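Readers should treat all values here as calculations from the given coordinates under stated rules, not as data from a laboratory. Please read these numbers as outputs of a predicted model, since none were measured by experiment. Neighbour counts are summed over all protein chains in view; Cβ atoms, including those assigned to glycine, are modelled from backbone coordinates with ideal geometry.
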Amino acid sequence: MKDTLEMREVYTRALEQLMKEDERVVVVEADLSRGVNTLRLRDEFPGRHIDAGIAEQDMVTISAGLAISVNKIPFTHTFAPFISRRAMDQVYLSVGFSNANVKLVGSDPGVSAEINGGTHDGFEDVTLMRMVPNMTIFEPVDAEQLRQAMPQIYKHVGPFYMRMFRKQTEKVFDENYRFVLGKADTLKEGKDVAIIASGIMVAEALKAATALHEQGIEARVINLHTIKPMDTETVLKAAKECGAIVTAENHNINGGLGGAVCEYLSGVCPVPVKRIGVRDHFGEVGKLDFLMEKYAMKASDIVKASQEAIAMKK
Amino acid sequence: MEKCQVESLRKFANEIRKKTIHCIGTLGVGHFGGSMSVCEALAVLYQSIMKIDPQNPKWEERDWFVLSKGHAGPAVYATLALKGFIPMETLDTLNQPNTILPSHCDRHKTPGVDMTVGSLGQGFGNAVGLALGFKMDKKPNRVFCIVGDGECNEGSIWEGAMASAHFKLDNLTVMVDDNGLQSDGRTTDIMNMQPMDKKWEAFGWDVQTVDGHDVEQLYNALTREVSAGKPRCIIMKTVKGKNLLGFEDVSTNHNTTITREQMLAAIAALEEVKA
């Protein structure tokens with residue numbers, strides 16, 4: 001079942017609330033404000049919506065300057081590939097190295113750029129952001145998780161990156177859910193294999209777990225929403241108790257969530273890990289379903305990977 | 001400007017230059033050329049223009065300084081030491097293990113350094129953000145930023161130039177160290193940015209061109225009223241390696257080694273200038 005609200009609308013409503021509560025919160029955009037619904041905040045909060053124009057690098061350096069000079073808390077947004085690939089040196093030095101309290105938001109991560117095509121597919125933003133020391137990286141699953149996360153993102157002090165799907169996602173969490181930044185959520189218990197997923201891949205992981213259950217395989221499903229710093233306790237526990245891992249991410253399998261899990265586990269508890277995600281390809285144009293199928297990111301692919309990972313245990 | 005004030009600024013610039021030569025010379029290698037060309041600008045800014053308190057580097061009412069051409073860090077360190085922000089003996093620790101004086105300025109390491117710089121074009125972009133922040137909060141703090149002429153090759157300089165004029169940042173001053181050399185050679189051969197003044201004017205800045213080694217011209221340019229809403233650009237015609245004996249306007253002086261004898265001779269020559 002899809003959420004009723006688009007993620008961008010949840011984002012904008014949360015930002016609106018934060019801007020009402022704290023005048024330090026400002027919006028910084030690079031001519032994609034309309035695309036993420038924050039354009040209306042320009043009228044609601046005069047002077048607190050900065051548009052840098054189509055100049056992503058300048059958008060990032062300006063944000064760092066605002067945070068450092070007068071302690072503004074900029075929520076700085078453009079598409080995921082442009083805030084990472086294009087403005088990476090600015091992110092690395094002006095935000096990371098300078099330790100500026102800037103909230104970077106990259107929308108349309110991975111294949112969710114859909115018909116904008118290969119140039120707009122953010123397959124490498126997590127890899128790039130992971131290389132920035134002290135950067136926190138978060139990817140919301142659905143509207144409820146994003147709604148609960150926003151006040152925690154605001155309270156977090158330091159460089160922050162959120163990769164955010166813009167449209168309606170599959171509803172995974174309800175109002176009984178309690179989000180804690182940095183703490184992974186175990187959505188289903190199981191001891192045969194652990195599926196560790198983020199973003200839109202969580203819904204696929206849950207579908208896969210249901211299919212596996214029908215085959216008598218109990219898969220644990222973990223949402224690693226905070227990719228950095230990683231909740232190593234939950235990941236290690238999964239490796240020890242399940243003995244096989246499948247990671248699922250809307251991203252290149254190299255250097256992203258899967259890479260992070262492998263890097264960590266190889267040093268403390270080496271177990272078989274199969275990674276689901278884009279296999280080192282450039283993107284291409286297409287609707288979400290087509291692209292997820294093309295890049296082998298569907299629940300059926302997770303089922304297959306789980307069977308392979310379990311077989312490797314023996 | 002009073003004659004004695006001019007003399008005092010010249011002397012201060014001379015002291016900055018000598019301490020900078022000593023600072024880099026003690027290590028034996030460093031960015032001499034671009035450090036030598038900004039000594040007068042730093043002297044005028046720190047002595048006569050900027051609101052600062054060496055005892056309280058983070059003073060809320062201070063004016064901010066960003067050295068976007070970050071490799072001239074040693075000249076800034078010499079200035080900070082002479083003003084009392086850091087102890088003079090610290091200058092001998094440039095680039096040594098655990099130093100507070102890295103080649104390129106770091107806001108977390110050095111008292112008096114307002115912004116971390118090093119990747120060309122970025123410090124200026126930060127200065128734009130700093131100035132915009134003060135504007136948003138209606139604070140009187142001003143921001144001064146030195147960029148290199150070679151640095152102006154960076155596209156990000158022009159993104160910042162565009163934004164500064166658009167946001168009407170009349171609290172921002174950029175000083176272009178137009179010394180005519182970049183690492184690989186003459187700027188006119190490597191990547192010609194001339195006419196530099198017309199470029200900044202076209203981007204909406206109030207532009208003045210001065211002799212960057214003439215403290216009086218610098219002072220006048222920095223104190224002249226500019227039209228409200230316009231950011232101020234001062235093109236400083238300078239000489240890379242200015243007054244560094246044997247290295248002045250030499251195309252290899254961007255980052256060069258120097259012997260102890262050469263260092264002492266260069267400083268001795270500047271003692272004579274003072275006399």
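Using DSSP to call loops (not H, G, I, E or B), can you name the trypsin sites (Lys or Arg not before Pro) in the stretch B:125-183 whose Cβ has at most 10 other Cβ atoms within 10 angstrom? Intermediate results must be reported in sequence, preceding the final value.
Values: sites: B:Lys135, B:Lys138, B:Arg142, B:Lys168; in loops: B:Lys138, B:Arg142, B:Lys168.
Qualifying residues, ordered by number: B:Lys138.
Quick one: if the Förster radius is 25 Å, what FRET efficiency do B:Asp211 and B:Lys109 give, using the C-beta to C-beta distance and rounding to 0.05? Calculated transfer efficiency: 0.15.
Hey, how many Å between the Cα centroid of the stretch B:118-197 and the Cα centroid of the stretch B:50-71? About 17 Å separates the Cα centre of the stretch B:118-197 from the one of the stretch B:50-71.
Could you list the GluC sites (Glu not before Pro) in the stretch A:200-298 that lie in coil according to DSSP, counting only those with at most 16 other Cβ atoms within 10 Å of their Cβ? Intermediate values should be presented prior to the final figure.
Details: sites: A:Glu204, A:Glu214, A:Glu218, A:Glu233, A:Glu241, A:Glu249, A:Glu263, A:Glu284, A:Glu293; in loops: A:Glu218, A:Glu284.
When the GluC sites (Glu not before Pro) of the stretch A:200-298 are filtered for loop state and at most 16 Cβ neighbours within 10 Å, A:Glu218, A:Glu284 remain.
Under 15 Å from the Cβ of A:Lys304, count the other residues' Cβ atoms, weight Lys and Arg +1, Asp and Glu -1, and hand me the total.
With Lys, Arg at +1 and Asp, Glu at -1, the neighbours total -1.
Please state the charge dipole magnitude for the stretch A:174-314, taken about the Cα centre, from unit charges on C-beta atoms (+1 on K and R, -1 on D and E), reported in debye and rounded to the nearest 20.
300 debye
Using the average count of surrounding beta-carbon atoms within 10 Å as a protection proxy, the listed peptides B:53-64, A:186-197 rank, highest first, as A:186-197, B:53-64.
With viscosity 0.890 mPa s and temperature 25 °C, the Kirkwood radius over alpha carbon pairs of the stretch A:22-127 converts through Stokes-Einstein to a diffusion coefficient of 178 µm²/s. Farthest toward the positive end of the dipole of the stretch B:100-226, out of B:Ala165, B:Ile190, B:Asn141, is the Cα of B:Asn141, where the dipole comes from beta carbon charges about the Cα centre.
Label sites at B:Asn255 and A:Met131, each approximated as a point 7 angstrom past Cα along Cα to Cβ, lie 1.9 nm apart.
So in the stretch A:180-314, what percent of DSSP beta bridges are antiparallel if you round to the nearest 5? Walk me through the numbers on the way to the answer.
Numbers: 3 of 17 bridges.
Given both bridge residues lie in the stretch A:180-314, the antiparallel proportion sits at roughly 20 percent.
Which net charge results for the neighbourhood of B:Ile146, defined as the other residues with beta-carbon distances under 12 angstrom from its beta-carbon, given Lys and Arg at +1 and Asp and Glu at -1? Mind showing how you got there, number by number?
Values: positive: B:Lys69; negative: B:Glu40, B:Asp149, B:Glu151, B:Asp177, B:Asp178.
Residues close to B:Ile146 contribute a combined charge of -4.
Can you give the average number of partner chain beta-carbon atoms within 10 Å of each beta-carbon in peptide B:116-124, as a whole number?
Details: counts 9, 3, 2, 6, 0, 5, 11, 4, 2.
That works out to 5 on average.
Determine the shape class of the stretch B:1-100: with a ≥ b ≥ c the square roots of the Cα gyration tensor eigenvalues, call it rounded for a/c under 1.5, and otherwise prolate if a/b is greater than b/c, oblate otherwise. Judged from the Cα gyration tensor, the stretch B:1-100 comes out oblate (a/c at least 1.5, b/c at or above a/b). Residues of the stretch A:131-162 falling in the label zone of A:Glu44, defined by backbone nitrogen less than 20 Å from a point 7 Å along Cα to beta-carbon, are A:143-155.
For chain A, the longest piece that avoids every one of the chymotrypsin sites (Phe, Trp or Tyr not before Pro) found in DSSP loops with at most 15 other C-beta atoms within 10 Å covers A:1-176. Each Lys and Arg contributes +1 and each Asp and Glu -1, all at the Cβ; summed about the Cα centre of chain B, the dipole is approximately 480 debye.
Projecting the Cα atoms of B:Leu132, B:Gly155, B:Val117 onto the dipole axis of the stretch B:102-165, where Lys and Arg carry +1 and Asp and Glu carry -1 at the beta carbon, places B:Leu132 farthest toward the positive end.
Please list the helices of chain B that count as membrane-span-like by this rule: a mean Kyte-Doolittle hydropathy of at least -1.0 together with Cα atoms stretching 20 Å or more along the helix axis, each helix being a complete DSSP H run. Working shown, then result.
Details: long enough: B:3-27 (37 Å, -0.38); B:122-136 (21 Å, 0.69); B:260-274 (21 Å, 0.20).
Those that pass (Cα extent of 20 Å or more, hydropathy at least -1.0) are B:3-27, B:122-136, B:260-274.
Our Cα-only numbers for the protein assembly as shown put the radius of gyration and Dmax at 27.3, 94 Å.
Computed from the Cα positions only, the extents of chain A along the three principal axes stand at 61, 39, 36 Å, in decreasing order.
As a test, work out the antiparallel percent of DSSP beta bridges whose residues both lie in the protein assembly as shown, rounded to the nearest 5. If you can, show how the numbers build up before the last one.
Details: 11 of 69 bridges.
Roughly 15 percent of the beta bridges in the protein assembly as shown run antiparallel, per DSSP.
Against chain A, whose longest principal axis comes from its Cα atoms, helix A:7-21 is set at around 50 degrees. Where the alpha-carbon atoms of the stretch B:230-275 are placed on the principal axes, they occupy 47, 29, 13 Å, in descending order. Counting only residues at least eight positions apart within a chain, or on another chain, the lysines with an alpha carbon under 18 Å from that of A:Lys314 are A:Lys191, A:Lys240, A:Lys274, A:Lys304.
Relative to the longest principal axis of the Cα atoms of chain A, the long axis of helix A:143-155 makes an angle of roughly 50 degrees. Charge tally around B:Phe65: other residues with Cβ under 10 Å, Lys/Arg +1 each, Asp/Glu -1 each, net 0.
Over chain A, what relative contact order in percent results from Cα pairs under 8 Å that are six or more residues apart?
Values: 699 pairs, mean separation 53.2, N = 314.
It comes to 17 percent, rounded to a whole number.
Using only the alpha-carbon atoms, how far is helix A:232-242 inclined from the longest principal axis of chain A? Give it as 0 to 90 degrees, nearest 10. Between helix and principal axis, roughly 20 degrees.
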